[in-house]
1. Yes or no: Ile106 in contact with an Asp or Glu (Cβ under 7 Å, 6 or more places away or on another chain) and part of a loop (DSSP other than H, G, I, E, B)?
2. State yes or no: is Asp54 at pLDDT below 95, of a type in the set (Asp, Glu) and either over 12 Å from Ala226 (Cβ atoms) or outside the structural domain of Tyr29 (by TED's automatic domain parsing) (or both)?
3. Applying the selection to the stretch 221-230, what residues are of a type in the set (D, E, K, R) and touching an Asp or Glu at 6+ places or on another chain (Cβ under 8 Å)?
4. Out of the residues in the stretch 239-264 that are exposed (fewer than 11 other Cβ atoms within 10 Å of the Cβ) and not in a helix (DSSP H, G or I), state the one that is nearest to the chain's Cα centre (by Cα).
5. Looking at (1) crowded, with 18+ Cβ neighbours inside 10 Å; (2) under 15 Å from the mean Cα position of the chain (by Cα); (3) in a helix (DSSP H, G or I), which one does Ile187 not meet, given that it meets all the others?
6. Restricted to the stretch 101-144, and to residues that are crowded, with 16+ Cβ neighbours inside 10 Å and more than 21 Å from the chain's Cα centre (by Cα), which residue is nearest to His203 (Cα to Cα)?
Amino acid sequence: MHCVNEEAEAILDREYPVLDHGFVRLVDYMGSDQRIVQSARVSYGEGTKTYRQDKGLINYLLRNDHTSPFEQVVFTFHLKMPIFVARQWVRHRTARMNEISGRYSILPDECYIPDEGHIALQSEDNKQGRKDEPVSQEAAAQIREQMADDQRHAFESYHRLLDMGIARELCRIDLPLSVYTEFYWQIDLHNLFHFLKLRLDAHAQYEIREYGRVMLEIVRKVCPIATEAFENIKLEGRSFSGREMDALRAMLRGEECPLQKREREIFEEKLR
């Protein structure tokens with residue numbers, strides 16, 4: 001049976017702004033919470049199950065990693081984001097993607113400049129991230145101005161080359177990673193939940209977390225029960241190794257934690 005969700009229908013093709021020039025649009029979807037339970041029960045139509053039973057089944061499936069029913073739900077998004085975010089995005093190879101090409105199109109003069117509150121120094125304990133504390137307002141203003149100047153010069157050069165008749169595939173090569181790109185992205189719910197678990201994590205880069213945050217709310221419109229289960233079990237839940245389970249048992253018995261320093265730090269972070 002074809003699944004139609006009125007809340008999802010109401011937001012189709014609506015642009016949800018992200019960052020300074022980006023957006024997320026839900027272009028199409030197939031399935032809903034109903035499709036997940038239909039697939040799990042291998043039945044036709046709505047059946048005779050109650051909302052409570054459906055919710056219990058979806059939670060059971062997600063908790064026990066029975067993933068195939070979630071693959072029955074599919075989303076197609078239209079996304080606009082800076083190239084450096086898109087390059088992180090395409091590391092997830094479980095989706096289908098079609099991106100605008102600078103070989104065919106003249107790229108618009110749109111680049112990302114972070115807000116003052118998100119400009120920070122390199123983290124000392126995270127080699128791939130920034131500190132939580134932003135730099136001073138004065139320093140942030142100078143950095144934003146420098147970024148804007150660099151981007152303006154890059155696009156001035158880009159358009160000079162275009163006006164000379166140089167091939168578009170060559171003109172684009174000096175443009176910065178802050179340039180915005182657009183693409184269509186189709187993915188099933190199981191792999192989308194995996195994507196969101198990674199990209200909504202506090203260790204993920206702020207800019208990609210912002211896209212993940214908006215997409216989670218869109219998914220909630222289509223599959224509210226599954227999204228609630230995902231947040232509770234996967235997003236906010238934690239898994240423990242065998243040694244960590246031994247430590248938990250020891251703590252419950254009132255004994256000393258048997259983990260070494262680094263293992264213990266990771267373990268305590270999970271508990272926090």
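1. Details: in contact with an Asp or Glu (Cβ under 7 Å, 6 or more places away or on another chain): no; part of a loop (DSSP other than H, G, I, E, B): yes.
Here the answer is no, as Ile106 does not meet what is asked.
2. On the way: at pLDDT below 95: yes; of a type in the set (Asp, Glu): yes; either over 12 Å from Ala226 (Cβ atoms) or outside the structural domain of Tyr29 (by TED's automatic domain parsing) (or both): no.
No.
3. We begin by selecting, within the stretch 221-230, every residue of a type in the set (D, E, K, R); these are 221, 228.
Correct list: Lys221 only.
4. If we take residues in the stretch 239-264 being exposed (fewer than 11 other Cβ atoms within 10 Å of the Cβ) and not in a helix (DSSP H, G or I), then Ser239 is nearest to the chain's Cα centre (by Cα).
5. Ile187 satisfies every listed condition except (3).
6. Filtering the stretch 101-144 down to residues crowded, with 16+ Cβ neighbours inside 10 Å leaves 102, 107, 110-114, 116, 119-120, 130, 134-135, 140.
Next cut, more than 21 Å from the chain's Cα centre (by Cα) only: 102, 107, 110, 116, 120, 134-135, 140.
On the way: Gly102: 31, Leu107: 31, Glu110: 27, Glu116: 20, Ala120: 15, Pro134: 16, Val135: 19, Ala140: 22 Å.
Only one residue tops the list, namely Ala120.
The values are calculated or read from the model by the stated rules, or taken from the named source; none is laboratory data. Since the structure is predicted, the reported quantities are computational estimates derived from the model, not experimental observations. Cβ coordinates were reconstructed from backbone atoms using ideal geometry, including for glycine residues, and neighbour counts include every protein chain displayed.
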